[in-house]
Amino acid sequence: MSDYKPSNIEPKWQKFWIENKTFKTDDSDFTKPKYYVLDMFPYPSGQGLHVGHPEGYTATDIIARYKRMNGFNVLHPIGWDAFGLPAEQYAVKTGTHPRITTERNIARFREQLQAIGFSYDWDREVDTTDPDYFKWTQWIFLQLYKQGLAYEAEMPVNWCPELGTVLANEEVIDGKSEVGGFPVERRPMRQWMLKITAYADRLLDDLEEVDWPESIKEMQRNWIGKSEGAEVEFRTSQETYPQPPPRRKGEAEGSSLQVDEKPGYVTVDMKSYVVLLEQSKEYRNNPTEAESVLWEELRGKKIGSKFRRQHPVLNFIPDFVCLTKRLIIEADGSVHDSKEAKKYDQERTEELKKYDFKVLRFSNDDIISNTAKVVSKIKSALNNREDYPRLNLDTPSFGGGQGEVKSEEVKSIRVFTTRPDTLFGATYMVLAPEHPLVDVLTTEEQKHAVEEYKKQAALKSDLDRTDLAKTKTGVFIGAYAVNPVTGKDIPIWIADYVMMNYGTGAIMAVPGHDERDWEFAKKFDLPIVEVVKGGDISKEAYTGDGEIVNSSNQDISIDGLSVSDAKAKITKWLEEQGLGEKSITYKLRDWLFSRQRYWGEPIPVIHVDDEHKAIPEQDLPLTLPEVDKYEPSGTGESPLARIESWLQTTDPETGKPARRETNTMPQWAGSCWYYLRYIDPDYTEGPVNPEKEKYWMPVDLYVGGAEHAVLHLLYARFWHKVLYDIGVVSTKEPFQRLVNQGMILGEMEYTAFKNAEGDYVNATERNDEEEYIAEKLSESGVEKKGNHFVIKGTETNVDARSFKMSKSRGNVINPDDVIEQYGADALRLYEMFMGPLEQVKPWSMQGVDGVYRFLGRVWRMMIDQETGNLNSDVKDIPADKNHLKVLHQTIKKVTEDIEGHRFNTAISAMMIFNNEAIKWESKPVSVLKTFTILLSPFAPHIAEELWAKLGETDSLAYQQWPELDEQYLKSDTKKYAIQVNGKVRGEIEVPSDKAADKDFVLTAAKAEEGVKKYLDDGNLVKEIFVPNRIVNLVVK
RNA sequence: GCCGCUGUGGUGGAAUUGGUAGACACGUUGGACUUAAAAUCCAAUGAGACUUAAACUCUCGUACCGGUUCGAGUCCGGUCAGCGGUACCA
């Protein structure tokens, strides 16, 4: 007996491929066209493969095999994203070194993948936990560090006491840890941050260049969240001068500034500020040549940090200032380098130092003749400086930001708005409860209420905020600001609907044209003014476009303009008045890059004299020491902090004692660049061999789950762009084409429900209050009635749906079981046959059975059941017209469908071929061979076996893909459907050479039996003839 | 709430630029083979009407309502449902 039995053939071919290195990529020949097809980096979990994995992997494998047969040099690698929490937690629990767990899991994954027959080049396997790999992860980190893109900051982080670690936002779900469900609290900690925000614009703009699903691009755009608008200054009202500051020392949050250490006084008052602004305007309008030259180099964040020109800082106007770095650049010999100005500058230098400002001076000559050198000096100065909190420091009239602030100095509040056109409609102002000016501005009478509210708001942020009711809350702080265009006093409130970490932490509230402001104004009875026509602001906020009204004063009017024209005009005016400026804000935050864990890449930094310093590149990799316990240290630091011998080191430059960084990198780090390492995994001179990189990049096709749509892809793009900037890679974007596979759900489940009394109730009539007993029904226990399934023979409808596979539901399908029962080829085929790759679809074991039977039929078409040799009707005879027609139809369909990733219909085309061919009395060997090649990317094992049985001795992995010959598709006749009034009433068959002959076809159509009677009954008023398609006769 | 995607037989799904809706497969039913079962093979299978029966024919039918068109699963407007993302983002 030689029936189709996968277990007889699959292991044999898997062994053959591995032993012969059949799929080893030969990348010595760069003249061949290349194709880089990549699967998303798997995490080798202890559970082994899930049927979701092979879905994408089979798709890429089909493409890889297909491309090889089309003469492409194919790079199709796999590896392991093996650092991460699960192995570490297992280590905490059992004391097993995570390396051991990881190795075991990798071995299992590798075995499972090989049992499905994927054509990976196994010589390129990479593993993020391998020191030869993470050496380069660390190297890339150092490049980021040198570019000033890595910095330390005290950040409020998600601290999970139970896990003893900080979690990323995405690892916190509903205020609990994603792993384990433990409570999470906010706690400020020293953290490494990566400045992805510096790349926000490029990450946004370059999305245009890649061929990705629109939905993914949109998600990335939303995540980056670019908003264009304006920052506007609101002076505080003179009449309602705030009371002396109730501020306590050391209260500043999210800041690395030690508040109590700063004496912090600021001498800017309103008068001098106005003078300053005027001066600065003047200077800006009369720049020296040197200033202009330098400004061209610094503007628009060209060197990574934002510089402002002639921007008042304290009561002093530097030529250029970077506020986040507190770095001031002076061009000596400029307009304001008069004697008085120079003296003025020197006087301020000391004071600036108190605020951690550093001043760099360059001569005008240097700037003009040695621009590059000057710029590089500025760059390195920037890199050596940490990020200072931006809060209000850029507004000198605030005073010293986080420093102790005297009330008299607080003169204005800066807001960010995307709707400067509605400025005339701003009737109140709202600060975030955490806003540093709140304490300063709050009046004595309101102090108690404000403190209460702040306390509540702080608590709230720890709770699950999303679920809280949308009703607005807030407190008036007693102070007023002046609307700069209406001149009216407007009250200042605090409310938790304003977030400290977006924009400036303060808003101008325009209740007429913002839904949140409208709700707030209604609740607290604040005035609502219409400034854009088009809605009814007594009923709801109007946020649409329209004519601007009620928006003029002596100096400016925007009445009558459209929203967008008004935005432009008012913004320009504000800039001229020094009251504001165009501003762009992003939702994207810098990337929190530290984890307090053992099982991750150590961050290659040492701390000397309270300064951080990169370790020399030649000392990489910095490996993990052995530890006795994997629990984090009690302080929240990683277990590395307990290993004194590792922790204490010396600075190789100065010989001073140094302490190693104890934070490790997050799991995203290793997966940010793995696609580069595959190109030359053993390269020792850098992360990637530049010559090979130029040949292989970008990735032509990247397939994976949509769960990585935002973070992984954004982070990887960010790193890639940094590597591009420093010349390591040659492409702006790493992944040219991206496809997201849809999730595979469990089998369809039918569930009936009983109420507490034990009576069946309709599934659709359940409500949230009552409890029900769920009862699982088999498919035969239900039937469809109308739109619902009901319990057979009743009217009681049931719930019919598929669920996400999960252990607890017990609907997980293990690929090993499928392979054991049906074989790897059937698994592959079914994964593809289920439906379109991108779509979510339920699993069905009967479906697997179906494709398995198809493979059996293919087998029996060629192989004699008794002898195991070819069937006697498989003959070496020339193929006739019909054979070739069926074959070439299949070639056409399968080829087009693979190119279009429509694997399900490609398979159905092969089924159609088989259904036809199996009926042929004698079957030409040549036709069957060609069909076997078509089948091979989908079901490679059976294809190799049949290929051998058909008399070939080579593997078919590199056979030429069959070429379509259109001439075989032509037929002698052409069928036409004949419609009368759009309904098909008959069908005619005409000779092919007459098919485009309108008169001939119409005459034949009118003579057709079924059509004739309609023509007799009415008048033919119109004839539609679409050549080779259809005839439609309109009869009245 | 907002953004995006998807709604086609009992089920998974097909259907080029608008041109014969339901390919292919599962399931079901009937039949062949078998002592029997499994496997395999053959046939039927959207719902309904007409007919002794068969053939034929007709009506309805792609979530719902409406529109454009000779013709709509496909295009447009509106509604509903499901899935994914996101959330006081100013």
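The values are calculated or read from the model by the stated rules, or taken from the named source; none is laboratory data. Being a predicted model, the structure only gives us computed values, none of them experimental. Every residue, glycine among them, receives a Cβ derived from its backbone with ideal geometry; neighbour counts consider all protein chains shown. We work out accessible area using only protein heavy atoms, side chains counted, and drop any ligands, DNA or RNA first. Shrake-Rupley method; radii C 1.70, N 1.55, O 1.52, S 1.80 Å.
Looking only at the range A:503-538, residues that are part of a loop (DSSP other than H, G, I, E, B) and over 22 Å from residue A:473 (Cβ atoms) come to 9 in all. Restricting A:938, A:903, A:931 to those that are in contact with a Leu (Cβ under 9 Å, 6 or more places away or on another chain), within 10 Å of RNA strand B (Cβ to nearest atom) and touching a residue at least 24 places away in the same chain (Cβ under 8 Å) reduces the list to A:903. When restricted to residues that are touching a Leu at 6+ places or on another chain (Cβ under 6 Å) and either outside any helix (DSSP H, G or I) or without any contact (Cβ under 8 Å) to a residue 60 or more places away in the chain (or both), the range A:116-148 contains 1. For the range A:486-497, filtering for residues that are open to solvent by 10 Å² or more (accessible area, probe 1.4 Å) and on the phi < 0 side of the Ramachandran plot leaves 7.
Taking the range A:1013-1034 as the range and being more than 54 Å from the chain's Cα centre (by Cα) and within 9 Å of RNA strand B (Cβ to nearest atom) as the test, the residues that pass are A:1013, A:1014, A:1021, A:1022. Surrounded by 13 or more Cβ atoms within 10 Å (Cβ to Cβ), charged (D, E, K, R) and without any contact (Cβ under 8 Å) to a residue 60 or more places away in the chain: is that true of residue A:765 in this structure? The answer is no for residue A:765. Residue A:621 fulfils the conditions (1) of a type outside the set (Gly, Ala, Ser); (2) assigned to a loop (DSSP other than H, G, I, E, B); (3) closer than 23 Å to residue A:517 by Cβ except for a single criterion, (3). Kindly evaluate residue A:571 against the criterion of being among the polar types (S, T, N, Q) and within 29 Å of residue A:457 (Cβ to Cβ). So residue A:571 does not fit the description; no. Filtering the range A:826-846 for residues that are among the polar types (S, T, N, Q), surrounded by fewer than 14 Cβ atoms within 10 Å (Cβ to Cβ) and modelled with pLDDT under 95 leaves a non-empty set. Within the range A:21-44, if we keep just the residues that are over 33 Å from the mean Cα position of the chain (by Cα) and at pLDDT 95 or above, the residue that is farthest from residue A:72 (Cα to Cα) turns out to be A:21. Number of residues in the range A:699-719 that are under 18 Å from the mean Cα position of the chain (by Cα), more than 16 Å from RNA strand B (Cβ to nearest atom) and either within 24 Å of residue A:901 (Cβ to Cβ) or open to solvent by 10 Å² or more (accessible area, probe 1.4 Å) (or both) equals 6. One residue alone among A:654, A:684, A:662, A:649 is open to solvent by 10 Å² or more (accessible area, probe 1.4 Å), of a type in the set (S, T, N, Q) and closer than 23 Å to residue A:594 by Cβ, and that residue is A:649. Among the residues of the range A:891-898, not a single one is of a type in the set (Asp, Glu), in contact with a helix residue (DSSP H, G or I) (Cβ under 6 Å, 6 or more places away or on another chain) and away from RNA strand B (no atom under 14 Å from the Cβ). When you look at residue A:187, is it surrounded by fewer than 19 Cβ atoms within 10 Å (Cβ to Cβ), away from RNA strand B (no atom under 14 Å from the Cβ) and outside the structural domain of residue A:636 (by TED's automatic domain parsing), yes or no? It is false that residue A:187 is surrounded by fewer than 19 Cβ atoms within 10 Å (Cβ to Cβ), away from RNA strand B (no atom under 14 Å from the Cβ) and outside the structural domain of residue A:636 (by TED's automatic domain parsing).
Out of everything in the range A:906-928 that is open to solvent by 40 Å² or more (accessible area, probe 1.4 Å) and more than 41 Å from the chain's Cα centre (by Cα), what residue ends up being farthest from RNA strand B (Cβ to nearest atom)? Result: A:926. For residue A:565, are the conditions met, namely being open to solvent by 60 Å² or more (accessible area, probe 1.4 Å), in a loop (DSSP other than H, G, I, E, B) and farther than 17 Å from residue A:232 by Cα? When the stated conditions are applied, residue A:565 does not pass them.
Taken as a whole, the structure places residue A:993 among residues that are farther than 30 Å from residue A:73 by Cβ, away from RNA strand B (no atom under 15 Å from the Cβ), open to solvent by 30 Å² or more (accessible area, probe 1.4 Å) and not basic (Lys, Arg).
All conditions but one from (1) open to solvent by 10 Å² or more (accessible area, probe 1.4 Å); (2) at pLDDT 95 or above; (3) within 16 Å of RNA strand B (Cβ to nearest atom) apply to residue A:5; the one that does not is (2). Checked against the criterion of being crowded, with 17+ Cβ neighbours inside 10 Å and part of a helix (DSSP H, G or I), the candidates A:1033, A:1002 yield just one match: A:1002. Here is a check on your reading of the model: is residue A:852 open to solvent by 20 Å² or more (accessible area, probe 1.4 Å) and either more than 8 Å from RNA strand B (Cβ to nearest atom) or at pLDDT below 90 (or both)? So residue A:852 fails the test. If you filter the range A:100-147 down to residues that are among the basic types (Lys, Arg) and closer than 22 Å to residue A:76 by Cβ, you find that the one that is surrounded by the most Cβ atoms within 10 Å (Cβ to Cβ) is A:124. Consider the range A:436-459 and keep the residues that are closer than 24 Å to residue A:528 by Cβ and not hydrophobic (A, V, I, L, M, F, W, C). The one that is surrounded by the most Cβ atoms within 10 Å (Cβ to Cβ) is A:453. Restricted to the range A:406-420, and to residues that are touching a Leu at 6+ places or on another chain (Cβ under 8 Å) and either closer than 16 Å to residue A:491 by Cα or open to solvent by less than 10 Å² (accessible area, probe 1.4 Å) (or both), which residue is modelled with the highest pLDDT? Across the range A:406-420, the extreme among qualifying residues is A:420. Pairing each residue of the range A:962-981 that is within 9 Å of RNA strand B (Cβ to nearest atom) with any residue that is aromatic (Phe, Trp, Tyr), provided the two are 6+ apart or on different chains, yields C-beta distances under 9 Å for A:980/A:1014; A:981/A:1014. Taking the range A:785-820, which residues are within 30 Å of residue A:53 (Cβ to Cβ) and among the charged types (D, E, K, R)? Selection gives A:799, A:801, A:804, A:807, A:809, A:816, A:817, A:820.
Residue by residue through the range A:775-787, note down the ones that are within 16 Å of RNA strand B (Cβ to nearest atom) and in contact (Cβ under 8 Å) with a residue 24 or more places away in the chain. Those that are within 16 Å of RNA strand B (Cβ to nearest atom) and in contact (Cβ under 8 Å) with a residue 24 or more places away in the chain: A:777, A:778, A:779, A:781, A:782. In this structure, does residue A:544 turn out to be assigned to a loop (DSSP other than H, G, I, E, B), near RNA strand B (Cβ under 7 Å from one of its atoms) and open to solvent by 20 Å² or more (accessible area, probe 1.4 Å)? When the stated conditions are applied, residue A:544 does not pass them. Among the residues of the range A:970-990, not a single one is open to solvent by 20 Å² or more (accessible area, probe 1.4 Å), part of a helix (DSSP H, G or I) and among the hydroxyl-bearing types (Ser, Thr, Tyr).
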